[in-house]
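These notes are about the structure you will find just below.
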Amino acid sequence: MKLQLVPARQGALWVRQGFAVFLRQPMGFAGLFAVFLFAMFLFAWIPLIGPLLLLVLLPLGSLGFMIATRRVLDGRFPMPRAFIEPLRAGRPRLIAIVKLGLIYAASTSLILWLSDLVDGGALDALMEAQGSRTASPDDVAARLANPRLEAGVLMRFCLLGVLAVPFWHAPALVHWSGQTAAKSLFFSTVACWRNKGAFIVYSATWLAVLLVFALLANLLFAMLGRPQLMPFVAMPASMIFSTIFYASLYFTFAACFTPEQGDTGPAPVQAP
C-alpha cells in the first residue's frame, strides 16, 4: 500500500461517509454490531482467560467492520462472516493477525496494570461501589474524592489513545496488503502521524456529534417534562453511534492508503 496524505477537512468527511454507509444497510450493520457485542459478553464471562481472549480478538473485530463496510460499498449485505474472513486469507496473514492480537492484549494489560499502580485500585473500588446494591451514596462519593482516581483515569485514557495509533490501520494492512505485524504497526503509526490533522478533525467531529445529540435529546425531554426517559434513549443511541463509528473506520484506511502494483487481495476504494 502507498501512503496518501489527506487534508484536515477529510476527517469530517470520514464521519459523514460512516453515516451514509450505515444508512444503506442499517439493519445489516445493527445485526453485525449485535454479534460483536454478544461475542464480547461471551468472552468476558469465560473465567480467567476470557478477558484476555477478548483483547486478542479486538483488532480482528475492527477489521471485520472494515470488511463489512467494503461489502456494502460493493452493493452486498454485511454478514457476520466478515469477522472470520481474515482467518481464511492464508497462513501468513493469519499469523500476522494473531500476532497483532497478542501484542494488543499484552500492551493493554500492561497499561491497565500500570494505571492500577498509579491509582492504587481507586477506579476498581469506585466501579465496585457503583455496582453494589449495599453501597451508600456517601461510599460512592468517598471513592470519587480519592485524589489518585483522576491520575489513574487520565493515564488510562492517554496511554490507550496512544496505543490506538499503531493498531488503527494495522489489521487492514495485514489483510489487504499482506504486511507483517511489525510493518503494519509501523506504517499505521506513520499514516496516523502524517495525517494527524484529519484524525484530529475526525475525533472533534465525532465529539461534536455526540454533544449535539446529548444537548438536543436533553432539551427535548425537558420540554416534554420527561427527563427520566433520557436513559432509555441514551443506550440505543450509544449503540447506533458506536456502530456508525466502526463503519467509518474503513474510510480512514481507504483515504490514507492506495494499492501499489504487486499488492494482493481486494484493494480498498473510497465511497462516492
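Values quoted throughout were computed directly from the atomic coordinates according to the rules given, and no laboratory measurement underlies them. Keep in mind that what you see is a predicted model, and the values were worked out from it rather than measured. Positions of Cβ are backbone-derived with ideal geometry, glycine not excepted, and every protein chain shown enters the neighbour counts.
Which one is surrounded by the most Cβ atoms within 10 Å (Cβ to Cβ), of the residues in the stretch 161-213 that are touching a residue at least 40 places away in the same chain (Cβ under 8 Å) and either of a type in the set (D, E, K, R) or in contact with a Lys or Arg (Cβ under 7 Å, 6 or more places away or on another chain) (or both)?
My answer is VAL174.
Within the stretch 1-31, which residues are touching a Phe, Trp or Tyr at 6+ places or on another chain (Cβ under 7 Å), crowded, with 21+ Cβ neighbours inside 10 Å and in a helix (DSSP H, G or I)?
Within the stretch 1-31, GLY11, TRP14, VAL15, GLN17, GLY18, PHE22, PHE29 qualify.
Kindly establish whether ILE84 is under 20 Å from the mean Cα position of the chain (by Cα) and surrounded by 13 or more Cβ atoms within 10 Å (Cβ to Cβ).
The answer is no for ILE84.
Could you please tell me which pairs satisfy a Cβ distance under 7 Å, a separation of 6+ or placement on different chains, a first residue in the stretch 66-77 that is in contact (Cβ under 8 Å) with a residue 24 or more places away in the chain and over 13 Å from GLY18 (Cα atoms), and a second residue that is assigned to a helix (DSSP H, G or I) and of a type outside the set (Ser, Thr, Tyr)?
ILE67/ALA82; ILE67/GLU85; PHE77/GLY28
Taking the condition of being touching a helix residue (DSSP H, G or I) at 6+ places or on another chain (Cβ under 6 Å), within 20 Å of MET27 (Cα to Cα) and in a helix (DSSP H, G or I), how many residues in the stretch 71-111 meet it?
Summing the residues that are touching a helix residue (DSSP H, G or I) at 6+ places or on another chain (Cβ under 6 Å), within 20 Å of MET27 (Cα to Cα) and in a helix (DSSP H, G or I) in the stretch 71-111 gives 4.
I need the full set of residues from the stretch 204-263 which are more than 27 Å from LEU3 (Cα to Cα) and charged (D, E, K, R), in order please.
ARG226
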